[in-house]
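The values are calculated or read from the model by the stated rules, or taken from the named source; none is laboratory data. Everything numeric here is computed off the predicted structure, so don't read it as measured data. FYI the Cβ positions are ideal-geometry reconstructions off the backbone, even for glycines, and counts take in every protein chain you see. SASA here: full protein model, heavy atoms, side chains in, ligands and nucleic acids out. Shrake-Rupley method; radii C 1.70, N 1.55, O 1.52, S 1.80 Å.
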Amino acid sequence: MSRKSRFKASGANDALFAGVCLAAIAVFGLASHARAQAVDPTTAQNPSQSVAASWSPDVAFNLAVGSDYVFRGVSQTEEDPALSGGVDLTFGQGYVGAWASTVSFPGDGDTDAEIDLYGGVRPEVAGFTLDLGVVGYLYTNQPDGADYSYGEVKLAASRAVGPATLGAAVYWSPDFFGASEDEATYVEANAAFSPADRWTVSGAVGRQFVSSDFDYTTWNAGVTYALTETLGLDVRYSDTDEHEFGDIYGARAFASLKAVF
């Protein structure tokens with residue numbers, strides 16, 4: 001059975017859910033801003049300069065086209081191509097962003113887009129880069145009786161080891177996508193390595209735990225090549241250990257072309 005076909009009974013909570021996600025993201029942003037407000041010794045004679053600088057975030061946009069949209073080993077487009085785009089704002093150790101992609105789920109001819117809202121902080125601690133944040137997943141044009149939208153809390157850590165970067169992450173949701181108000185936890189270990197200029201080899205293995213009977217393990221490995229300073233091509237292979245859940249859980253190779261500007 002596909003996890004995308006497990007409808008929850010309630011379909012009227014999307015607005016409330018979106019508000020909670022936005023409020024949580026705002027809290028992360030304000031916390032980061034408060035840290036940035038600390039007056040730097042070099043601007044102690046002009047505090048207003050420090051305040052103005054703290055409200056000047058770096059902004060980055062991204063656009064991508066892919067042969068498939070795969071999330072935790074599961075196709076979100078029924079193995080069809082996907083278009084996506086987003087915007088990220090970083091300020092000090094904080095960040096907020098939004099990202100959207102086309103989607104298509106088995107047995108659902110209505111839902112056509114996923115919109116993610118996220119925010120958090122990335123402090124450096126003892127040589128590790130931490131990532132403490134929240135993610136809200138919102139879906140447009142859901143069919144009657146469905147309530148796909150959900151949120152997760154994220155805790156991740158990574159560290160550079162020579163030319164490689166090793167990392168781990170945990171995501172927790174109190175009310176997972178289509179899981180009848182079940183809690184869910186996703187844990188992942190990942191690694192990336194740059195063997196040569198412009199080339200990055202990366203991979204990850206993860207386990208999705210759901211309090212109903214839909215746990216599965218997933219893994220992926222791939223290569224990214226920087227065509228230019230702003231354009232990259234990624235070719236990847238992924239699989240899960242639960243093909244009986246449906247075709248979208250099967251092994252697949254896919255590619256994406258992404259521009260960041």
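Assorted remarks:
- Signed unit charges on C-beta, dipole axis of the range 147-191, positive-most listed residue VAL161, TRP172, TYR150: VAL161
- Solvent-accessible surface (1.4 angstrom probe) belonging to VAL205, in square angstrom, nearest 10: 80
- Environment charge at VAL87 (Cβ cut-off 15 Å; Lys +1, Arg +1, Asp -1, Glu -1): -2
- Electrostatic dipole magnitude of the range 153-216 [Cβ: Lys, Arg +1; Asp, Glu -1; Cα centre; debye, to 20]: 520
- Net charge contributed by nearby residues that have their C-beta within less than 15 Å of PHE261 (K/R +1, D/E -1): -2
- Surface accessible to a 1.4 Å probe, PHE214 within the full protein complex, Å²: 40
- Set of the range 233-247 residues, backbone N closer than 17 Å to the point 7 Å along the Cα-Cβ line of VAL65: 233-235
- The residues packed around ALA60, meaning those with a beta-carbon under 14 Å from its beta-carbon, carry a net charge of -2 if Lys and Arg are +1 and Asp and Glu are -1.
- Spatial offset of the range 96-118 relative to the range 193-221 amounts to 21 Å, using the alpha carbon center of each.
- Kirkwood Rh in Å, taken over all unlike Cα pairs in the range 198-246: 12.7
- Label point distance in nm, VAL260-THR129, each placed 7 Å from Cα along Cα→Cβ: 0.9
- With all protein chains modelled, accessible area of TRP172 [1.4 Å, Å²]: 100
- Cα→Cβ-extended label distance, 7 Å offset, between ALA251 and ASN141, nm: 3.5
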